[in-house]
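Just below is one structure, and these are the notes that go with it.
What follows draws every value from the coordinates through simple rules; no lab data is involved. Keep in mind it's a predicted model, so treat the numbers as computed, not measured.
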Amino acid sequence: MATELIGWAAAAILIATIGRQVYTQWRDGTTAGVSKWLFVGQVSASIGFIVYSWLLRELVFVATNVVMLLTALLGQHIYLRNQRKMRRLGPLQGQKSHILRGVEPLEPPC
């Protein structure tokens with residue numbers, strides 16, 4: 001039982017970490033620093049690990065990788081949405097994300 005708790009704790013940490021990345025990407029409305037290949041790789045790996053874990057009858061890893069797959073699909077959706085948004089903005093594409101969220105930066109002191 002203690003061994004399984006270690007697996008569930010590790011799964012929770014992994015999901016929280018990836019979930020935070022996807023949330024930050026959604027909140028900032030930008031694709032800066034994120035590659036579409038991150039999500040392609042995550043989807044591929046998650047599917048492979050789901051099958052592998054299922055064959056081993058490891059419920060901890062089946063559940064974790066199903067959530068990771070859903071997170072990857074959500075992340076890819078947000079990435080593509082933000083990319084379309086950046087293309088529409090044109091010259092603002094290289095600007096900081098605070099501009100995209102409608103927050104004005106502080107004026108530098110004179």
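Region 12-94: percent of C-alpha pairs farther apart than 22 Å? Of the Cα pairs, 32 percent sit more than 22 Å apart.
For region 62-73, putting each phi into the Karplus relation 6.51 cos²θ - 1.76 cosθ + 1.60 with θ = phi - 60° gives couplings of 4, 4, 4, 6, 5, 5, 4, 5, 4, 5, 5, 5 Hz, in residue order, rounded to whole numbers and with x for Gly and Pro.
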